Amino acid sequence: GQQVMQIPQYQHVQEGEDFTTYCNSSTTLSNIQWYKQRPGGHPVFLIQLVKSGEVKKQKRLTFQFGEAKKNSSLHITATQTTDVGTYFCAASGSARQLTFGSGTQLTVLP
Amino acid sequence: DAGVIQSPRHEVTEMGQEVTLRCKPISGHNSLFWYRQTMMRGLELLIYFNNNVPIDDSGMPEDRFSAKMPNASFSTLKIQPSEPRDSAVYFCASSWGGEPPYGYTFGSGTRLTVV
């Protein structure tokens, strides 16, 4: 499957601060998906990006797909304690199975 | 829909014993995936079924691991014999395998501890 690198591995922010995680690939991706996993929980699908330069928003979350379709980002505005968890990007290979990035673990300090 | 259902939620077993993990995917989903999650290796795809047929099992660690999907509503992942290094959280996920693929729905996972 596709290899995706995710940075940073960890991020601590004060509640109310913004947060961004980045996902990069050396090859062109056909699509990218984002998931959130709460501590002790399971990954939950957030969104899929397919088009070059695509930007999608979900309330305080903004997702972007790069123009070259080799990178993506997830930005959270004004973090809340409910945003705590690990955020994964994932890209699909030729057989449609997803390869997950290593994730960014977000801690929000109250 | 109850979502993807996995059992058991927790399993503690002794090294050398057989372990069977079970999964019921969401009705109507035609793709099923088994993933393993550890701190060291993250989320690893073990095997992928499409319409009950194994498509990619290149992630299965070794012959001790086997997976079956006898029908559209049930899958098992078996480890025989189990070893301490198999300790991990095992997730089953299902989706509708369109193009591009739809988002995966994960089960709550089975936390396996081999002592």
Discussion item. Take B:G3 and tell me if it is of a type outside the set (A, V, I, L, M, F, W, C), surrounded by 14 or more Cβ atoms within 10 Å (Cβ to Cβ) and on the phi > 0 side of the Ramachandran plot.
Written reply: yes
Item to complete: For region B:54-77, enumerate the residues that are farther than 26 Å from B:G16 by Cβ and among the β-branched types (V, I, T).
Response: B:I55
Practice prompt. Pick out, from region A:5-110, the strands (runs of 3 or more DSSP E) lying fully within it that include 2 or more residues that are at pLDDT 95 or above, among the polar types (S, T, N, Q) and closer than 19 Å to B:M39 by Cα.
Written response: A:104-109
Discussion item. If I go through region B:30-51 residue by residue, how many of them are part of a loop (DSSP other than H, G, I, E, B) and under 19 Å from B:S7 (Cα atoms)?
Written reply: 0
Item to complete: Looking at (1) without any contact (Cβ under 8 Å) to a residue 60 or more places away in the chain; (2) more than 23 Å from B:G109 (Cα to Cα); (3) within 14 Å of another protein chain (Cβ to nearest Cβ), find the lone condition where A:V4 falls short.
Response: (1)
Practice prompt. Output yes when any residue across region B:79-88 is within 14 Å of chain A (Cβ to nearest Cβ) and at pLDDT 95 or above, and no when none is.
Written response: yes
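Residues are listed down the side, and each one gets a yes or a no for (1) surrounded by fewer than 20 Cβ atoms within 10 Å (Cβ to Cβ); (2) free of Cβ contacts under 8 Å to residues at least 12 places away in the same chain; (3) more than 14 Å from every other protein chain (Cβ to nearest Cβ); (4) hydroxyl-bearing (S, T, Y):
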site	(1), (2), (3), (4)
A:E67	yes, no, yes, no
A:L74	no, no, yes, no
A:T77	yes, no, yes, yes
A:Q80	yes, no, yes, no
A:T86	no, no, no, yes
A:S92	no, no, no, yes
A:L98	no, no, no, no
A:T104	no, no, no, yes
A:V108	no, no, yes, no
Item to complete: Please identify the pairs in which a residue from region B:94-107 that is closer than 10 Å to B:N30 by Cβ has its Cβ atom under 8 Å from the Cβ atom of a residue that is β-branched (V, I, T), counting only partners at least 6 apart or on another chain.
Response: B:S94/B:V4; B:S94/B:I26; B:S94/B:T105; B:S95/B:T105
Worksheet, complete the sentence: Selection from region B:89-115 of residues within 14 Å of chain A (Cβ to nearest Cβ) and part of a strand (DSSP E or B) yields B:V89, B:Y90, B:F91, B:C92, B:A93, B:S94, B:S95, B:T105, B:F106, B:T110, B:R111
Worksheet item: Within region A:18-35, restricting attention to residues that are away from chain B (no Cβ under 11 Å) and touching a Leu at 6+ places or on another chain (Cβ under 9 Å), which residue is farthest from B:L43 (Cα to Cα)?
Response: A:F19
Discussion item. Go through (1) of a type in the set (S, T, N, Q); (2) more than 14 Å from chain B (Cβ to nearest Cβ); (3) more than 30 Å from B:I47 (Cα to Cα) for A:Q58 and report which single condition fails.
Written reply: (2)
Discussion item. So in region B:8-43, with the set limited to residues that are of a type in the set (K, R) and either touching a Gly at 6+ places or on another chain (Cβ under 6 Å) or surrounded by fewer than 20 Cβ atoms within 10 Å (Cβ to Cβ) (or both), which one is nearest to the other protein chains (Cβ to nearest Cβ)?
Written reply: B:R41
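The values are calculated or read from the model by the stated rules, or taken from the named source; none is laboratory data. Keep in mind it's a predicted model, so treat the numbers as computed, not measured. Glycine also receives a Cβ, built like all others from the backbone with ideal geometry; neighbour counts cover every protein chain displayed.
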